[in-house]
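Read the figures in this text as sums done on the coordinates, not as results from a lab. The model shown is predicted, which means the values in this text are computed figures rather than measured ones. All Cβ positions, glycine included, derive from the backbone under ideal geometry; neighbour counts span all protein chains shown.
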Amino acid sequence: GLDELQLLHAQVCQAVGDPRRIQILYALHDQPLHVTGLAELLDVPQPTISRHLALLRDRSLVIAERDGQAVIYRLADDRIIDVLDTMRQMLRDVLGRRASALE
């Protein structure tokens, strides 16, 4: 019902509503990483990465695990990548149809 959809929006849709967070999810799909590794990989300041990771953790999309003194981040559920890939394919199809309509 509506309650479930509102929860979906709050938990997942808002979390992937930022391109940088989507980038982080894809990066963590490739391999678990520390904040510094993510910052270097994505060429983004560490405080920005930390802020995005905090939101992704809060929404249970990423998990933080102690690694000695450091913290390593990984995806909580790989299915989020399937969802993002499906959305990207839909986008390509929509753009393709739009381009065809203009020809």
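Results, tabulated for the structure shown:
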{"item": "Residues Met90 and Glu65, FRET efficiency given R0 of 41 Å [Cβ-Cβ distance, rounded to 0.05]", "result": "0.80"}
{"item": "All Cα pairs of the chain, percent lying beyond 23 Å", "result": "35"}
{"item": "Two-site FRET efficiency, Val83 against Glu103, from Cβ-Cβ distance with R₀ of 22 Å, rounded to 0.05", "result": "0.10"}
{"item": "Charge dipole (region 8-103, unit charges on Cβ, about Cα centre) - positive-most of Gln23, Met87, Val71", "result": "Met87"}
{"item": "Stokes-Einstein D for region 44-97, Kirkwood Rh over Cα pairs, 10 °C, 1.306 mPa s (µm²/s)", "result": "121"}
{"item": "Amide proton proximity set for Val71, modelled H, under 5 Å, gap of 5+", "result": "Val35"}
{"item": "Karplus-derived HN-Hα couplings along region 71-79 (A = 6.51, B = -1.76, C = 1.60, θ = phi - 60°), whole Hz, x at Gly and Pro", "result": "10, 10, 10, 9, 5, 7, 7, 4, 4"}
{"item": "Neighbourhood net charge (14 Å Cβ-Cβ; Lys/Arg +1, Asp/Glu -1) for Glu65", "result": "+2"}
